[in-house]
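In what follows, a structure is listed as C-alpha cells, so that the remarks can point back to it.
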Amino acid sequence: MISFLDLKAPYLELKQELDEAIARVVSSGWFIGGPEVDQFEAEYAAYCGAAHAVGVANGLDALHLALRAMDVGPGDEVIVPSNTYIATWLAVSQCGATLVPVEPDARTFNIDPALIEAAITPRTKVLLPVHLYGQPADMDPILAIARKHGLRVLEDGAQAHGARYKGQRVGAHGDAVAWSFYPGKNLGAMGDGGAVTTNDPQIADRMRVLRNYGSRVKYVNEVQGYNSRLDPLQAAILRVKLAKLDEWNARRRSISKRYQQRLANCGLTLPYVPDWAEPVWHLYVVQHPQRDALQQALTDAGVGSLIHYPIPPHLQQAYASFGCREGAFPLAERMADQVLSLPMGPAMGESELSGVVRIVQSAAKAICRP
C-alpha cells in the first residue's frame with residue numbers, strides 16, 4: 001500500500017526536537033499566548049519576508065479575520081477564484097460580503113489576472129487570489145490592477161509555505177497573506193492553526209485585537225471580536241518544523257521533477273509551471289478525462305490518491321442561494337471533473353515513487369485501450 005501522505009513520518013524524523021518542544025510548553029504552564037507564540041510569529045514573519053505575523057486558530061479564521069481587518073462587510077464585494085477550496089469563499093461570506101468569482105488560468109489553475117478587471121465594480125473592495133496546490137498566483141498584474149482601482153489584496157497562502165514568486169517568498173506581496181497550518185500542509189501543526197503575515201502595522205494590530213475577543217487590554221473590549229488564538233503547543237511544534245521546511249520543500253520539488261519526467265507521454269495533463277514560479281508542491285495534480293476510472297485503478301492497486309476538489313464552490317449545497325447552475329464556471333467545473341492528486345510528501349522514497357509511476361502508466365494505458 002502506498003499512502004497518499006504519511007503524516008507520522010515528519011514526527012519520527014524530528015521526534016527528539018518535537019518531544020522537547022512539547023515538554024517545554026507543558027512544563028511552562030503557559031497554555032494561551034505567551035513566548036512560544038511570540039517567537040513563532042517573529043520567526044515566521046522573518047521567513048516570509050514580512051514585518052508582522054499574527055497567529056490564529058486555523059486557516060479559515062486567518063482569511064476571515066484578515067478581511068475583517070480590512071473592514072470588509074455587507075455591501076462590499078470580494079473577487080475570488082472559481083477554482084479553490086471552499087474556505088476561500090466561506091471567509092468572504094462570514095463577513096457578509098458578496099462573492100464575485102473569476103475563472104482560473106487553464107494551465108496554472110490559479111485565478112486568471114486577465115479576467116479580473118472585468119469583474120470589478122464600484123463595490124469591489126478586495127482581490128483574493130489563491131496560491132493553489134503550492135504554486136504562486138501571478139501577483140504582478142493582480143497588484144497592478146489593485147493599485148489602479150484602489151483595492152486591497154489578500155492572498156490565500158494556505159498551500160504555499162515557502163513558495164517563491166519571481167524569486168521572493170510568498171508572504172508580503174499583497175496587503176496580507178492568510179496561512180493554514182493544518183497537519184497535512186507543507187508546514188503543518190499537530191492540530192489546527194493559522195496565521196496572517198503583513199507589512200501593514202494597522203492590519204496586524206487589528207488582527208491581534210480581533211483574535212482576542214476584540215481586546216488588547218484584559219476585560220476592555222474595543223470591538224466585537226473572536227476567540228481565535230494559535231495554541232502555544234502548536235506554535236512550539238511549528239517552530240521546530242519551520243527550521244526543516246526548506247529541506248522538505250526541496251524533497252517535494254525532487255519528487256515532482258521525477259513525476260514530470262516519468263509520466264510524460266502517458267495520456268495525462270501534467271502540472272504547468274511558469275518560469276517565474278517556484279512551487280512547493282503541496283499537491284501534485286494531474287488531469288485525465290477519465291479521472292474516476294484512473295483513480296479506481298490506483299485504488300485497486302493499493303495507491304492512495306485524492307481529488308482536490310470534486311465539487312467547485314458555486315455548485316456546493318452551501319452556496320445553493322448563490323443561484324449558479326452547471327456551466328456557470330466551465331473551467332472550474334472541468335477541473336473538478338478531471339483533476340487527481342497523486343501521492344506527494346517529503347517522506348516519499350524512490351521505491352514508492354517508482355511504484356506510483358508504474359501503476360499510473362499501466363492504468364492510463366489500459367483506460368485508453370479501445
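The values are calculated or read from the model by the stated rules, or taken from the named source; none is laboratory data. Note that the structure is predicted; figures quoted are calculated from it, not measured. Note that each Cβ is placed from the backbone with ideal geometry, even for glycine, and that neighbours are counted across all protein chains shown. Note: areas computed on protein heavy atoms with side chains; ligands, DNA, RNA excluded. Shrake-Rupley method; radii C 1.70, N 1.55, O 1.52, S 1.80 Å.
Would you point out which residue out of 189, 178, 195 is within 24 Å of the chain's Cα centre (by Cα), surrounded by 22 or more Cβ atoms within 10 Å (Cβ to Cβ) and under 13 Å from residue 68 (Cβ atoms)?
Only one candidate passes the filter, namely 178.
Out of curiosity, is residue 170 open to solvent by less than 20 Å² (accessible area, probe 1.4 Å), among the aliphatic types (A, V, I, L, M) and under 20 Å from residue 71 (Cα atoms)?
no
I need the full set of residues from the range 168-192 which are in contact (Cβ under 8 Å) with a residue 60 or more places away in the chain and at positive phi, in order please.
171
Cβ-Cβ distance below 8 Å, separation of 6 or more or different chains: which pairs start in the range 272-290 with a residue that is more than 11 Å from residue 135 (Cβ to Cβ) and end on one that is among the small types (Gly, Ala, Ser) and assigned to a loop (DSSP other than H, G, I, E, B)?
288/267
Yes/no per residue for (1) acidic (Asp, Glu); (2) crowded, with 18+ Cβ neighbours inside 10 Å; (3) in a helix (DSSP H, G or I):
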{"site": "185", "(1), (2), (3)": "no, yes, no"}
{"site": "223", "(1), (2), (3)": "no, no, no"}
{"site": "236", "(1), (2), (3)": "no, yes, yes"}
{"site": "255", "(1), (2), (3)": "no, yes, yes"}
{"site": "261", "(1), (2), (3)": "no, no, yes"}
{"site": "286", "(1), (2), (3)": "no, yes, no"}
{"site": "289", "(1), (2), (3)": "no, no, no"}
{"site": "294", "(1), (2), (3)": "no, yes, yes"}
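For the range 108-131, which positions are closer than 23 Å to residue 272 by Cβ and in contact (Cβ under 8 Å) with a residue 40 or more places away in the chain?
108, 109, 127, 128, 129, 130, listed by residue number.
I need a count of the residues in the range 316-370 that are open to solvent by 60 Å² or more (accessible area, probe 1.4 Å), modelled with pLDDT of 95 or more and of a type in the set (A, V, I, L, M, F, W, C).
Within the range 316-370, residues that are open to solvent by 60 Å² or more (accessible area, probe 1.4 Å), modelled with pLDDT of 95 or more and of a type in the set (A, V, I, L, M, F, W, C) number 2.
Go through the range 88-107 residue by residue and tally those that are in contact (Cβ under 8 Å) with a residue 24 or more places away in the chain and either touching a strand residue (DSSP E or B) at 6+ places or on another chain (Cβ under 6 Å) or open to solvent by less than 20 Å² (accessible area, probe 1.4 Å) (or both).
Qualifying residue count, the range 88-107: 11.
Among residues belonging to the range 238-247 that are assigned to a helix (DSSP H, G or I) and open to solvent by 10 Å² or more (accessible area, probe 1.4 Å), point out the one that is farthest from residue 350 (Cα to Cα). If you could, list the steps in order and put the result at the bottom.
To start, the set of residues in the range 238-247 that are assigned to a helix (DSSP H, G or I) comprises 238-242, 245-247.
Those still in the list that are open to solvent by 10 Å² or more (accessible area, probe 1.4 Å) too: 239-242, 246-247.
Numbers: 239: 29, 240: 26, 241: 23, 242: 25, 246: 20, 247: 17 Å.
This residue is 239.
Can you tell me which residue among 39, 16 is among the polar types (S, T, N, Q), more than 30 Å from residue 224 (Cα to Cα) and assigned to a helix (DSSP H, G or I)? So that I can check it myself, show each step before the final result.
Working: 39 fails: more than 30 Å from residue 224 (Cα to Cα).
Just one listed residue meets the conditions, 16.
Name, by its number, the condition in (1) farther than 23 Å from residue 141 by Cβ; (2) surrounded by fewer than 19 Cβ atoms within 10 Å (Cβ to Cβ); (3) among the charged types (D, E, K, R) that does not hold for residue 68.
Status for residue 68: all satisfied but (2).
Can you pull out the residues in the range 115-124 that are within 22 Å of the chain's Cα centre (by Cα) and surrounded by fewer than 21 Cβ atoms within 10 Å (Cβ to Cβ)?
115
If I ask for residues that are surrounded by fewer than 24 Cβ atoms within 10 Å (Cβ to Cβ) and either touching a Gly at 6+ places or on another chain (Cβ under 6 Å) or among the hydrophobic types (A, V, I, L, M, F, W, C) (or both), which ones from the range 149-162 would you list?
If the condition is that a residue be surrounded by fewer than 24 Cβ atoms within 10 Å (Cβ to Cβ) and either touching a Gly at 6+ places or on another chain (Cβ under 6 Å) or among the hydrophobic types (A, V, I, L, M, F, W, C) (or both), then 151, 153 are the ones that fit.
Considering only residues of the range 35-54 that are buried (at least 20 other Cβ atoms within 10 Å of the Cβ) and either of a type in the set (Gly, Ala, Ser) or in contact with a Pro (Cβ under 6 Å, 6 or more places away or on another chain) (or both), which is farthest from residue 69 (Cα to Cα)?
Filtering first and then ranking leaves 36.
Considering only residues that are more than 26 Å from the chain's Cα centre (by Cα), more than 25 Å from residue 306 (Cα to Cα) and either open to solvent by less than 50 Å² (accessible area, probe 1.4 Å) or at pLDDT below 95 (or both), which ones fall in the range 1-28?
25
Taking the conditions exactly as written (closer than 23 Å to residue 109 by Cβ and either in contact with a Gly (Cβ under 7 Å, 6 or more places away or on another chain) or part of a loop (DSSP other than H, G, I, E, B) (or both)), does residue 364 satisfy them or not?
It is true that residue 364 is closer than 23 Å to residue 109 by Cβ and either in contact with a Gly (Cβ under 7 Å, 6 or more places away or on another chain) or part of a loop (DSSP other than H, G, I, E, B) (or both).
Mind listing whichever residues of the range 132-144 are out of contact with any strand residue (DSSP E or B) (no Cβ under 7 Å at 6 or more places or on another chain), among the aliphatic types (A, V, I, L, M) and touching a residue at least 24 places away in the same chain (Cβ under 8 Å)?
Once the filter is applied, which keeps residues that are out of contact with any strand residue (DSSP E or B) (no Cβ under 7 Å at 6 or more places or on another chain), among the aliphatic types (A, V, I, L, M) and touching a residue at least 24 places away in the same chain (Cβ under 8 Å), the range 132-144 yields only 132.
List every residue pair whose Cβ atoms sit under 7 Å apart, with the two residues 6 or more apart in sequence or on different chains, where the first one lies in the range 299-315 and is touching a residue at least 12 places away in the same chain (Cβ under 8 Å) and open to solvent by 20 Å² or more (accessible area, probe 1.4 Å) and the second, anywhere, is part of a loop (DSSP other than H, G, I, E, B) and among the basic types (Lys, Arg).
Filtered contacts from the range 299-315: no entries.
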